[in-house]
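Participant: Would you mind keeping the following structure in view while I ask a few things?
The values are calculated or read from the model by the stated rules, or taken from the named source; none is laboratory data. None of these values were measured; they are calculated from a predicted model. Here the Cβ positions follow ideal geometry from the backbone for every residue, glycine too, while neighbour counts run over all protein chains shown. Calculation scope for accessible area: heavy atoms of the full protein, side chains included, ligands and nucleic acids excluded. Shrake-Rupley method; radii C 1.70, N 1.55, O 1.52, S 1.80 Å.
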Amino acid sequence: MNTLREDAQLLHEQVAPHLSDDQADDYDVDALETLFDCYVNTYRVPRNAAFDSVRNHVLKEADVDTEAFWASLRGGDQGTTEEPLPLAECTADGAWVTVRAKIVELWDPREDSIHQVGLIGDESGRLKFVAWAKSNPPVLEEGTTYTFKDVVVDEYDGNYSLKINSRSEIIEHAADSPETISSVGTMTTVYDGVFVAMQSQSGLIKRCTDPECTRVIQQGECSEHGSNEGEFDLRIKGVLDDGESVQECLFTAGMTEVVTGIDLEEAMQLASDALDISVVERRLTDLLIGRRYSVEGPILGRYLLVGEVSETPNRAFAQGYHDAVDDLLSEYGYDGPGLTAENIEDLPQTYDAPVAARGN
Ligand SMILES: [Zn+2]
């Protein structure tokens, strides 16, 4: 296991690019090591759960843009003409990628600067594409499969698209060639991990009432349709962590009910009782953080859209947790009845720690 110093260094590498200049000193390696020490030795957070706890604490306290943070942790492959990148993995804003996909739909361009716009798909999913007129691209046909070499992933508002530019190369595949994509977007992904973070705009949200628009409105404003009463909806945008990677997951209202037992009606009641909409997000966070789930669904942009979820029958804690608790118990010479690594529900859970830290 890493030393606290090594954990502090690793965390520093992860968060430093996301801090402003005047925050850099507050979260240098020494400061982070002190924080780890405090969590492990003062708050008694189990050693191997400390990393997540300290990281969540820092992200929150330093007000880090968590969406950008998790995106930057992913990195990864960019694809080649022989082994194109699945569309589902085109999730790094600004990355140059090579994909192979079928034109699912062409839309009418709304601007002269756009040559063609539409939807492409491969087995893993679908993405919007845009070909700019000034890049002089070929004319793409619906139903035909192409390899798109050196196109750029673009993210706007959490939605991903691919931009064809003047350096992109487009290779057409004959209908009977082995490269042809036959079934679009049928692939689902399974991910097992611990629910480590709740993202903003989770819980009770309001959506624009325009029937063509499902945007989340903030402070009663839709970015497209202006001032708007809005309609309540319930959802979770959360992060699962399997110890090697993270996966952002989107739970619709129905899936939120499956995983937490709270439906839209109850969420609205909670908010109304508390006169505070954000109480729902806090409640869902309390219910989910630290628990281990298996989720399955298609990848849409950077989110796994959860279609199935089950809490794994194993313990809700990461591998190695029992050993850490055993160490902790023996370190403090605890041999009282009832409290063992197999029976640690009574111990403070990891997510209690940041609350305690804030209270001091
Ligand atoms: Zn709208």
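Participant: Name the residue from Ala95, Ile171, Ser182 whose Cα lies farthest towards the positive end of the charge dipole of the range 70-221, charges +1 on Cβ of Lys and Arg and -1 on Cβ of Asp and Glu.
Facilitator: Sorting the options by dipole projection puts first Ala95.
Participant: How large is the dipole of the range 1-64 about the Cα centre if only Lys and Arg carry +1 and Asp and Glu carry -1, each at its Cβ, rounded to the nearest 20 debye?
Facilitator: I would put it at about 480 debye.
Participant: From the residues Val130, Pro86, Trp107, which one has its Cα farthest along the dipole of the range 78-135 in the positive direction, the dipole being from +1 and -1 charges on Cβ of Lys/Arg and Asp/Glu about the Cα centre?
Facilitator: Trp107
Participant: If the cut-off is a Cα-Cα distance under 24 Å, which lysines reach Lys128, setting aside same-chain residues fewer than 8 apart in sequence?
Facilitator: Leaving aside lysines fewer than 8 places away in the same chain, those within reach of Lys128 are Lys102, Lys149, Lys163, Lys237.
Participant: Quick one: check the C-alpha center-to-center distance for the range 186-201 versus the range 1-46, whole angstrom.
Facilitator: So the separation of the two Cα centres works out to 25 Å.
Participant: Tell me whether the range 78-173 comes out rounded, prolate or oblate; compute the Cα gyration tensor, take square roots of the eigenvalues as a ≥ b ≥ c, and use a/c under 1.5 as the rounded threshold.
Facilitator: Because its axes are fairly even, with a/c under 1.5, the range 78-173 counts as rounded.
Participant: Could you state how much accessible area Ser168 has, in square angstrom rounded to the nearest 10, with a 1.4 Å probe and all protein chains kept in place?
Facilitator: Probe radius 1.4 Å; accessible area of Ser168 about 20 Å².
Participant: Here's a follow-up. First select every other residue whose beta carbon is under 12 angstrom from the beta carbon of Met187; then total the charges, Lys and Arg +1, Asp and Glu -1.
Facilitator: -3
Participant: Next question. By the scheme Lys and Arg +1, Asp and Glu -1, what is the net charge of all other residues having a beta-carbon under 9 Å from that of Glu257?
Facilitator: Working: positive: none; negative: Asp263, Glu266.
With Lys, Arg at +1 and Asp, Glu at -1, the net is -2.
Participant: With a ≥ b ≥ c the root eigenvalues of the C-alpha gyration tensor of the range 1-59, is it rounded (a/c under 1.5), prolate (a/b larger than b/c) or oblate?
Facilitator: prolate
Participant: Convex hull volume of the Cα atoms in the range 106-150, per residue, in Å³?
Facilitator: Spelled out: Cα convex hull of the range 106-150, divided by residues, is 83 Å³.
Participant: What do you get for trypsin sites (Lys or Arg not before Pro) in the range 125-203 restricted to DSSP loop and a cutoff of at most 10 other Cβ within 10 Å of the site's Cβ?
Facilitator: Loop-located and lightly packed - none at all.
Participant: To the nearest 20 debye, what is the magnitude of the charge dipole of the range 189-311 about its Cα centre, counting +1 on the Cβ of each Lys and Arg and -1 on the Cβ of each Asp and Glu?
Facilitator: It comes to approximately 240 debye.
Participant: Now, a different point. Just to make sure I understand: if all protein chains stay in place, what is the order of His18, His225 by accessible area at 1.4 Å, largest first?
Facilitator: So the residues, ranked largest to smallest area, are His225, His18.
Participant: Using a simple charge model, +1 on the beta-carbon of Lys and Arg, -1 on the beta-carbon of Asp and Glu, nothing else, what dipole does the range 78-173 show about its Cα centre, in debye to the nearest 20?
Facilitator: The dipole of the range 78-173 has a size of about 160 debye.
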